[in-house]
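Working notes, beginning with the structure itself.
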Amino acid sequence: MAYRITFIPGDGAGPEVAQAARRVLEATGVQFEWEVQHAGAEVMDQYGTPLPDQVVESIRRNGVALKGPITTPIGTGFRSVNVALRKALDLYVNLRPAKSYPGVRSRYQNIDLVVVRENTEDLYAGIEFEKGSAQAGALIDTIRKLADKSIRPDSGISIKPISVEGTRRIVRWAFEFARRQGRKKVTAVHKANIMKYSDGLFLEVSREVAGGYSDIEFEDRIVDNMAMQLVQKPELYDILVCPNLYGDILSDLCAGLVGGLGVAPGANIGDESALFEPVHGSAPKYKGLNKVNPTANKVNPTATILSGMLLLRHLGEVEAAKRVEEAVAAVIAEGKFVTYDLKEDPSDPSAVGTREMADAIIAKMKEMAPAG
Ligand code: NAD
């Protein structure tokens, strides 16, 4: 039976990388029925919102989505569709693996890290008070009374909530993931020495959850030390479980260790639904290149194709996922049919476009698993 998957092409360079991933997934032989849904600035006029209800309903119904990046226009009051989707579907896990593939230019080799970032709390909760507002003033007064601490009156304030429930579910998820993937260690990242009641709670709950998983090693690191260790000795780490902000920063650091955004896949996962998308954005400066020359679009589809590989694993299609990853790795290692960012010299005229790289990956999969 075919899997029904919501397909959101996105905008900018999104539709092309999303289409590349869709074609690669179809080439595995696993059967899919795609329910195409549109979100972002392009549907604003038609629906009066960048995230029409039917998009969220479609993901709820199907439980799984593949998505291209969507632009968040700056200064228009337009809320990020990406953040809104994570909220609407309670996608509390942001999964960001960082793995070295020979052939990708990087200062490091043999990296295989996974960042499990909490996606709903912390400084990203969206609870903010503008400098000079009546609410900021009232909050400053209240804090003076409650905590006997003064805050300068010209301060803007962002609130950092971290809950037992929110921490428990993300840390559990990280341990369950470790078990499923046969991984050895989970490291909780925090700044509990300074923020005793938010990061301190994160650490305490992490330790409590770790107690239930004696088969997986557990340790913790203070975030600044973690950043340094990742640069100096990344091989010592396996899965990092982090509150939202540290997870955001460290996952970019980890993407940097393995060659950057072009190869960084991601997933946003909740108990009911999961949405797979690359870490990178819509790379708007590339939009339209394909109109000048149908084969000229340059962005690297790898991050989205590897997000599709994560989708296959999520569905339990482990063998197909493995084939996708091996084909991606082989095409990158050969270095011939790859986009400019994977060439030694980015202006190398032999660099291929998005679609051609996907074609090469599909051809490689066929080579690896002859029909029949
Ligand atoms: P971006 O990731 O789109 O681009 C940053 C730079 O990285 C680009 O100039 C490009 O050189 C490079 N790059 C990105 N993807 C690449 C790829 N696949 N291949 C090769 N090079 C690639 O980040 P940005 O410019 O900060 O954001 C553009 C828009 O995307 C913004 O509106 C932002 O809000 C949005 N965005 C969306 C998502 C999402 O949909 N989940 C995520 C991040 C950013």
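List of remarks:
- Within region 333-352, considering residues that are in contact (Cβ under 8 Å) with a residue 60 or more places away in the chain and within 18 Å of R23 (Cα to Cα), the one surrounded by the most Cβ atoms within 10 Å (Cβ to Cβ): V338
- Here the condition is being at pLDDT below 95, within 14 Å of the ligand (Cβ to nearest atom) and outside the structural domain of L275 (by TED's automatic domain parsing); of R79, R105, R86, it holds for R105 alone.
- Criterion applied to G63, G68 was being away from the ligand (no atom under 14 Å from the Cβ), modelled with pLDDT of 95 or more and out of contact with any Phe, Trp or Tyr (no Cβ under 6 Å at 6 or more places or on another chain), and the one residue passing it is G63.
- Residue within region 109-123 that is surrounded by 15 or more Cβ atoms within 10 Å (Cβ to Cβ), of a type outside the set (A, V, I, L, M) and either free of Cβ contacts under 8 Å to residues at least 40 places away in the same chain or farther than 30 Å from T49 by Cβ (or both) present: no
- K145 being in a helix (DSSP H, G or I) and in contact (Cβ under 8 Å) with a residue 24 or more places away in the chain: no
- Q229 meets the conditions (1) touching a helix residue (DSSP H, G or I) at 6+ places or on another chain (Cβ under 8 Å); (2) within 16 Å of the ligand (Cβ to nearest atom) in every case but one. The failed one is (2).
Yes/no per residue for (1) modelled with pLDDT under 95; (2) surrounded by 21 or more Cβ atoms within 10 Å (Cβ to Cβ):
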residue	(1), (2)
G266	no, yes
G270	no, no
F276	no, yes
G281	yes, no
Y286	yes, no
A296	yes, no
V299	yes, yes
A303	no, yes
S307	no, yes
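- Unique match (being more than 16 Å from the ligand (Cβ to nearest atom), among the small types (G, A, S) and either under 29 Å from L315 (Cβ atoms) or in the same structural domain as L342 (by TED's automatic domain parsing) (or both)) among G212, G266: G212
- Sole residue being within 30 Å of G48 (Cα to Cα), within 15 Å of the ligand (Cβ to nearest atom) and surrounded by 20 or more Cβ atoms within 10 Å (Cβ to Cβ), chosen from L91, L95: L91
- Considering (1) assigned to a loop (DSSP other than H, G, I, E, B); (2) at pLDDT 95 or above; (3) more than 18 Å from G262 (Cβ to Cβ), the lone condition that L311 does not fulfil carries the number (1).
- One residue stands out in region 118-141 among those that are among the small types (G, A, S) and not in a loop (DSSP other than H, G, I, E, B): the one that is farthest from L203 (Cα to Cα), namely A134.
- Entirely in region 1-64, the helices (runs of 4 or more DSSP H) that have 3 or more residues that are crowded, with 17+ Cβ neighbours inside 10 Å: 14-27, 53-62
- In this structure, K160 does not qualify as touching a helix residue (DSSP H, G or I) at 6+ places or on another chain (Cβ under 7 Å), exposed (fewer than 12 other Cβ atoms within 10 Å of the Cβ) and either assigned to a helix (DSSP H, G or I) or among the charged types (D, E, K, R) (or both).
- Some residue of region 30-43 being away from the ligand (no atom under 16 Å from the Cβ), touching a residue at least 40 places away in the same chain (Cβ under 8 Å) and farther than 20 Å from E118 by Cα: yes
- Residue in region 335-352 that is at pLDDT 95 or above, of a type in the set (A, V, I, L, M) and within 22 Å of the chain's Cα centre (by Cα) present: no
The values are calculated or read from the model by the stated rules, or taken from the named source; none is laboratory data. Every value quoted in this text rests on a predicted model; they were computed, and no experiment measured them. Cβ sites come from the backbone with ideal geometry, for glycine too, and all protein chains shown count toward neighbours.
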